[in-house]
1. If you take just the helices (runs of 4 or more DSSP H) that sit entirely in the range B:119-179, which of them hold at least 1 residues that are closer than 20 Å to residue A:51 by Cβ, in contact (Cβ under 8 Å) with a residue 60 or more places away in the chain and not aromatic (Phe, Trp, Tyr)?
2. Quick check: is even one residue across the range B:431-445 of a type in the set (S, T, N, Q), surrounded by 23 or more Cβ atoms within 10 Å (Cβ to Cβ) and closer than 23 Å to residue B:154 by Cα?
3. Taking the condition out of contact with any helix residue (DSSP H, G or I) (no Cβ under 6 Å at 6 or more places or on another chain), surrounded by fewer than 18 Cβ atoms within 10 Å (Cβ to Cβ), within 14 Å of chain A (Cβ to nearest Cβ) and not aliphatic (A, V, I, L, M), does residue B:210 pass?
4. When you check residue C:196 against the structure, is it crowded, with 18+ Cβ neighbours inside 10 Å, in contact with a Ser or Thr (Cβ under 6 Å, 6 or more places away or on another chain) and not acidic (Asp, Glu), yes or no?
5. Within the range C:156-184, how many residues are hydroxyl-bearing (Ser, Thr, Tyr) and at pLDDT 70 or above?
6. Could you pull out the residue among B:110, B:175 that is surrounded by fewer than 17 Cβ atoms within 10 Å (Cβ to Cβ) and of a type in the set (A, V, I, L, M, F, W, C)?
7. With within 14 Å of chain B (Cβ to nearest Cβ) and free of Cβ contacts under 8 Å to residues at least 12 places away in the same chain as the only criterion, which of C:214, C:231 stands out?
Amino acid sequence: MHPWVIKRLLGALLTVWASVTLAFFALRVVPGDAIASQLLQGGASEADVAARRAALGLDDPLTVQYINYLAGLVRGDLGRSLLNRQPVSTLIAEQFGATAALAVSALTVALLVGLALGSVEAVYWPRLPGRLAGIVSLLALSTPVYWSGSLAILLFSAGLGLLPATGSGDTAHLILPAAVLGFHVSGSIARVTRASLRRTSGTDFVRTARAKGLRARRVFTHHVLRVGLLPVVAVVALQTGFLLGGTVITETLFARQGIGQLLRDAILDQDFPVVQGVVALSAAIYSLVSAAADLLYGLLDPRVRVEGGHQEHD
Amino acid sequence: MKYLFALIPLLLILAACTGSTPASSLPEPRIVYGLTLMPTGFDPHINASSELGIPLRSVYDTLVYRDPVTAEFVPGLATRWELSADGLSYTFYLRSDVHFHDGTPFNAAAVAANLDRIVSPDTGSQKALFMLGPYNGYQVVDDFTIRLNLTEPYAPLLDSLSQVYLGIASPTQLAQYDTATYQFHQVGTGPYRMVEYVPGDRLVITRNPDYAWGPPFYTTPANPIQTIEFRFFEDPPTRALALESGDAQVMGELLPVDAQLLAGNPTQRLYPIIRPGQPVQFMINVRRFPTDNLSVRQALIYATNRAAIVDAVFQRFAAVAYGPLTQTTDFYSPDVTTFYPFDSGQAESLLFAAGFTETDAEGMLALPAPNPTAAPGQPTATAATDQSGSVPLRLTMVIPPWSQYPAIAQLIQSQWRILGIDLEIRQVANFAQLREAAAAGDYHLIGITFSGRDPSLLNQFFLTAAPLNWSGYTDIELDAYLNEGTRQPDPAIRQQMYAAAQRRIMEQAVVLPVVDYANLNGASTALEGMAFDAQGWFPLLPNLSLTESAGP
Amino acid sequence: MTDRAVPLGILAAIALITLLAPALAPHDPRSADSPALLPPSEGHPFGTDTLGRDVFSRALCGGRQTLGIALLGTGIAVLPGLVAGMLAGFFGGWADRLLMTVMDVLLAFPNLLLALTLIALTGSGPAQVALAVGLAGLPAYARVARAAVIAARSQPYIEAARAIGARPLRVLLRHTLPNAREPLLSFAAVSFSWAVINGAGLVFLGFGGDPSTPDWGAMLNEGRAAFRTAPWIALLPGALITLTVYAVHRLADAWGEGKTAR
């Protein structure tokens, strides 16, 4: 395997380990746990709670619990939910499909809309199309998802009856949430696209290309866009990780399955193994996504070699 | 860049494929019922959420039922029952004509298998086990007779046995699936059978054609609903929208403002149900200055305009609460309505009498600086004083995010401010944090409310050594009333005991009761027979029918 | 020049209103002495909210908490994030790997858990919300800063500067950074927008301490539940948020333009 791939894999493992450890101890800093809360609300006595916690090993010294958890993690065993005994890997697998579907479609919308808005704004500013694009991207950034989502539901579902509002089922159910979420994400992509494009338009190599007689559009797509896209790639990578990590507000609003709800409920219920499992997954996803982003940097601007590229400095 | 565009259609196709098979193969008529929160699990023997009872109440039968109107206990899977003279054993005589959805015959052994499961430590029951109280095993007397034993008399047992958490499941099915996976393959004897449970998405039940042993209040309409699909609507504003758009035919926990809108809508009907158990209330910390003073506590209740809260926060879809139990709870005592009606004048004089005679520039009350010549018996404070040495009337209230506590707290803050009481509100995120705040002790009021038909739930809050005794109030007589009320099966004695308990709690102003919370259910007018059981939460699904094809 | 004047003017106006709010507000923002959900009327130009409080007064006073949290949170995200991103992007190598691993770990850590942990340690309040929001935005800013620096450092004149023998830090600060100015400023403005929205989300969950404190984000939330009966509740705070975000972005764009460093 390529040495770069090995390096990144090791880095990913390190990231996953560090994230899970951080989550493990943070969860136990917050007082209480799922068992105590549920049992007390179910009518148990303190003695019952203590007995149950001891049986589940929640009373063992922290280091013991931690080592046991790591040992399981290495074997691929993410443990079981404290509240419903399901294996954490099953819980995550059940919800991840819906999250992935939403993430992919929302990202597509975000890329198309964001890149378009940002480019239009960069190229046409200060004329009207530029200003309009700017306003739209600003609206995308300053409107919380629960607002744009509610309005979308009111308009397209309740009002016009065009699209189903809730549920995870098929593509039809994906349209509204993907559009709403995608629009929201497009805001940051549009802004950074605009900023990057305006910067790189005037640099030397663009002038050189134009001097060579290349048409403006080709100059734009083949030179300006490619280097200017580096910060955009960074933002897209961030948003990909964010979307794949579960978007709880969108899931709640549109009554969809997804990792976001799983995580939020697990955090509030203090269901440790589930939180730890989702954090491990998130860490792996972010590692993967950053590696892909770095690869893209290299592809977009051949002068840049991010990994192993030491020719720039001493 | 080009590659990206090529991938998109591929990915979209992938996305579309993650959808599961539609339920078009299930029998009509079909409705969608909106649940409002996603319980962590759907196993009635294990999980504690009341939400799971909404579908599962109709999948299982229980040994006894409670009539939704009279609240009396009527036969269920048991035709009759006897209580021994010492109150320590209940003998149940079971029906012999019942079978489970999977064909397994119902008998005493089946009940035994269920009890075994509930008490087994491997099961990890979060509620059902504790509903059995001082349960001490069973004896199978014969094929259709079983005796349950207790270590001490326990009056709430029948009420427990009438609830879905102690529903009787097929022993064959219980043996086949472990405690983690049974929830996906539930088998009972009820009027509906479970088809599938997709976590986070839906739970589907269909009618059981063989059902012939229901309680008398299960009517069988001419055109009953064959399939009910339960979906989750956790976001409150979308609930009413889903109802209006036809995404759901029934929806629980509508927002009060939406219920207002619905009341004017000819295609929807509102079914408000007052929740039995505790009202939305605050426990008052009797161990901390100044709420250690009875007059101050009483003043606080007098100072709270609860009717205004019902108006603003609940749009009149609730009732003012006067005591520690709501009006739909067993053995609720109407005497409590005589305690502390809204009277700001009375509040002021009580606070003045308690020593808060000073008023600062903003109108806030304070206890004047201790005077060396003051009469003995003047309240002394360990609370913070300001520069002049006087002690301001400053209170702290801890609240959870549910049951509209934040809105209620803010209104109370505003109301008390007019009288010169400075209230600080601290909101916590979950029950664990609430408990933590209670353990820390630096609060004067803390919001907590449990639901349940049987008043023995008060034991958790008011017995001297109770785990949730967050007011810190200890009273041997109150302990006696509550304990006797729990032990004595005779309803007349229970009535006396709980009346005394409610009176004592209110005399001592241990709680600030605010509102009898109403669960605002909405349903399409096409739905006939909509009614709820004695516990208030759970719909009588077998009685539902559609007058026209208004399904999804 | 006019490019900067307009957004600066808007921000100055908002700042002024926010600071003078207690004096300007016709009613006590916490006082619920009118009927709930009144439409805009005499004495209540923007009506009353779900508890009967004057929407106009609450919106005037709401800027304090919202903007305070957003500014502090953005500061926490951008300043350390910029440093980390610069160092990683410019020097590369093991520094880059280390810093970016730390950033990935922070990114994977759920914001809600961070907020809960902070509150368990220090209690709830606007400062804690700002810290949670800032820490959530920090790794994001670091990654974008890194990308911007990588793009900028590969310019020929950078190589030229280094060929002359300029010290790396000088090259970084005087040449590379100014050329990355536009995306850096632009994403700082994006971070600000995210801080406003995330802050509002956490305040709504109750992490902001006293729920009666006026806050634009909290009002937006309230307004959503009552939208069909009382659309006026969300309108004013929503407009103020959008206006602030607009001004911040325009300002960032205006600062970003300017002479290209050579």
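1. Working: elements: B:128-131, B:157-161, B:171-176.
By residue number, B:128-131.
2. Taking the range B:431-445 as the starting set, the residues that turn out to be of a type in the set (S, T, N, Q) are B:433.
Subset that is surrounded by 23 or more Cβ atoms within 10 Å (Cβ to Cβ): B:433.
Restricting the remaining residues to those that are closer than 23 Å to residue B:154 by Cα gives none.
No - not one qualifying residue is present in the range B:431-445.
3. Working: out of contact with any helix residue (DSSP H, G or I) (no Cβ under 6 Å at 6 or more places or on another chain): yes; surrounded by fewer than 18 Cβ atoms within 10 Å (Cβ to Cβ): yes; within 14 Å of chain A (Cβ to nearest Cβ): no; not aliphatic (A, V, I, L, M): yes.
When the stated conditions are applied, residue B:210 does not pass them.
4. Details: crowded, with 18+ Cβ neighbours inside 10 Å: yes; in contact with a Ser or Thr (Cβ under 6 Å, 6 or more places away or on another chain): no; not acidic (Asp, Glu): yes.
Against the criterion (crowded, with 18+ Cβ neighbours inside 10 Å, in contact with a Ser or Thr (Cβ under 6 Å, 6 or more places away or on another chain) and not acidic (Asp, Glu)), residue C:196 does not qualify.
5. Taking the range C:156-184 as the starting set, the residues that turn out to be hydroxyl-bearing (Ser, Thr, Tyr) are C:157, C:176.
If we keep only those that are at pLDDT 70 or above too, we end up with C:176.
The number of residues fulfilling the criteria is 1.
6. On the way: B:110 fails: surrounded by fewer than 17 Cβ atoms within 10 Å (Cβ to Cβ).
Going through B:110, B:175 in turn, the sole match is B:175.
7. Details: C:214 fails: free of Cβ contacts under 8 Å to residues at least 12 places away in the same chain.
None of the others qualify; the one that does is C:231.
Residue-by-condition table, conditions (1) more than 14 Å from chain A (Cβ to nearest Cβ); (2) at pLDDT 95 or above; (3) in contact with a Phe, Trp or Tyr (Cβ under 7 Å, 6 or more places away or on another chain); (4) farther than 21 Å from residue A:267 by Cβ:
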site	(1), (2), (3), (4)
B:396	yes, yes, yes, yes
B:401	no, no, no, no
B:406	yes, no, no, no
B:419	yes, no, no, yes
B:428	no, no, no, no
B:434	no, no, no, no
B:440	no, no, no, yes
B:443	yes, yes, no, yes
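The values are calculated or read from the model by the stated rules, or taken from the named source; none is laboratory data. All of these numbers come straight from a predicted model, not from anything done at the bench. Neighbour counts run over all protein chains shown; Cβ positions are idealised from the backbone, glycine included.
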